[in-house]
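The values are calculated or read from the model by the stated rules, or taken from the named source; none is laboratory data. All figures in this text were calculated on a predicted structure; none of them were measured in a lab. Ideal geometry is used to build each Cβ from the backbone, glycine not excepted, and the neighbour counts take in all protein chains shown.
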Amino acid sequence: MRDLSQVWVYLSASPLLFLTLTLVAFQFGTFVYRKSGSKPWLNPVLLAVILLAALLIFTGTDYQTYFEGAQFVHFLLGPATVALAIPLYRQFQEVRRSALALTVSLVCGSLTAIVSAVGIGWLLGASKATLVSLAPKSVTAPVAMGITEQLGGLPSLTAVLVILTGITGAVFGPSLLSALGIRDWRARGLAMGTASHGIGTARALQVNEVAGAFAGLAMGLNALATAVLLPVLWRLVF
Amino acid sequence: MLASLTLILVCQLVGELTAGFFGLPVPGPVLGMVLLFLILGVRGRISEPLKATADGLLGHLSLLFIPAGVGVMAHLSLLEADWLPITVALLVSTLLTIAVTGFVMVRLDRMTGHTSTEADDA
């Protein structure tokens with residue numbers, strides 16, 4: 001029988017191992033999340049990222065080696081972003097009636113998200129790399145990572161911050177909206193989708209279908225709004 | 001299915017080329033999304049295979065950002081140095097965004113006189 005470390009050396013040289021481990025870690029995360037009764041703070045992606053990062057550090061594997069396997073999953077981000085046009089189109093048909101109010105609130109929300117995140121980070125002395133990676137935090141991960149990359153930030157940091165933003169919104173959003181006396185389902189959905197993208201949308205959908213549709217649309221439109229607004233704002237300021 | 005996947009990839013490619021050629025700061029796939037949205041608008045409907053392909057890609061969307069997320073292990077020192085601004089900015093900015101978006105939407109709705117769909121037990 002061969003030494004276990006020899007088998008590891010053999011396996012880690014092929015993309016199969018880390019591709020498989022990525023899928024396994026995600027399935028495990030999803031399992032834990034469902035078992036918990038879909039608690040927003042037990043996010044499957046966050047669990048998988050922590051597990052995989054711990055495994056890589058523990059085995060002394062560098063990120064490049066991991067990415068050789070994981071790149072097959074990573075590649076699909078681009079086509080998935082394009083495919084967001086389909087739910088966007090579907091929801092667009094449903095919410096046409098409130099188009100003007102929706103657009104104005106969305107742009108206000110989008111600007112608030114960017115300016116407050118960068119402003120607070122800057123006041124508290126965050127580095128420039130952190131600020132760029134923080135700026136698109138309210139946008140769905142594939143788009144946020146694309147924006148960060150174009151502005152010279154760290155897409156991987158953005159991916160994690162985006163997930164944490166989603167969790168924050170999903171955990172505290174509904175009670176905050178109630179405390180503010182915002183009871184309209186459309187406004188509640190729009191707020192959740194604008195601030196905390198897909199994770200917020202999933203949370204809104206758990207509560208109410210109208211809120212879910214508005215949240216999904218807000219997620220798509222905010223991705224678009226931020227992709228256009230943020231690079232322009234960034235060039236004006238820095 | 002294959003035709004839909006091709007359509008999606010062509011949109012992405014055109015998006016990437018447009019962004020690269022004109023030096024636009026918008027990510028290529030986002031332009032691809034806009035292009036596909038416009039195509040759907042012209043067609044006036046979503047075909048069954050396209051819907052199936054999109055559902056397949058988006059059904060496990062969150063899986064797709066795990067590889068990039070794991071990359072954060074390379075930036076642990078940055079996280080350690082900036083944990084305070086990151087935590088405060090994330091928390092305050094997210095809650096502020098929810099409040100502003102919801103508040104503006106409710107106000108505008110009242111001004112334009114739309115009937116609202118209110119929560120019973122919000």
Only residues that are at the interface with another protein chain (Cβ under 7 Å from one of its Cβ atoms) and not in a helix (DSSP H, G or I): list them for the stretch A:165-202, please.
A:Leu180, A:Ile182, A:Arg183, A:Asp184
Please determine whether any residue of the stretch B:65-75 is among the aromatic types (Phe, Trp, Tyr) and surrounded by 15 or more Cβ atoms within 10 Å (Cβ to Cβ).
yes
Against the condition facing chain B (nearest Cβ under 9 Å), among the small types (Gly, Ala, Ser) and more than 18 Å from A:Ala215 (Cβ to Cβ), how does A:Gly60 come out, does it pass?
no
If we take the stretch A:1-77, then helices (runs of 4 or more DSSP H) inside it with 1 or more residues that are closer than 24 Å to A:Pro142 by Cα and free of Cβ contacts under 8 Å to residues at least 40 places away in the same chain are A:15-35, A:44-59, A:63-75
Wholly within the stretch A:78-146, which helices (runs of 4 or more DSSP H) include no fewer than the required count, namely at least 1 residues that are crowded, with 24+ Cβ neighbours inside 10 Å and within 16 Å of the chain's Cα centre (by Cα)?
A:99-123, A:128-134
Among the listed residues B:Gly41, B:Gly69, B:Gly32, B:Gly20, which satisfies the condition of being assigned to a helix (DSSP H, G or I), in contact with a Cys (Cβ under 6 Å, 6 or more places away or on another chain) and at pLDDT below 95?
B:Gly32
List every residue pair whose Cβ atoms lie under 7 Å apart, where the two residues are 6 or more positions apart in sequence or sit on different chains, the first residue falls within the stretch A:99-124 and is without any contact (Cβ under 8 Å) to a residue 40 or more places away in the chain, and the second residue, located anywhere, is basic (Lys, Arg) and not in a helix (DSSP H, G or I).
A:Ala117/A:Lys137
If A:Met219 passes every condition in (1) of a type outside the set (Asp, Glu); (2) surrounded by 24 or more Cβ atoms within 10 Å (Cβ to Cβ); (3) closer than 19 Å to B:Gly69 by Cα but one, which one does it miss?
(3)
More than 8 Å from chain B (Cβ to nearest Cβ) and at pLDDT 95 or above: is that true of A:Val95 in this structure?
no
From the option list A:Thr112, A:Thr81, single residue qualifying as more than 30 Å from A:Leu17 (Cα to Cα), within 7 Å of chain B (Cβ to nearest Cβ) and among the hydroxyl-bearing types (Ser, Thr, Tyr) is A:Thr112
Checking B:Thr87 against (1) facing another protein chain (nearest Cβ under 7 Å); (2) within 21 Å of A:Thr168 (Cβ to Cβ); (3) surrounded by fewer than 23 Cβ atoms within 10 Å (Cβ to Cβ), which test does it fail?
(1)
Evaluate the stretch A:210-229: report whether one residue or more is among the aromatic types (Phe, Trp, Tyr), facing chain B (nearest Cβ under 7 Å) and either touching a strand residue (DSSP E or B) at 6+ places or on another chain (Cβ under 8 Å) or assigned to a helix (DSSP H, G or I) (or both).
no
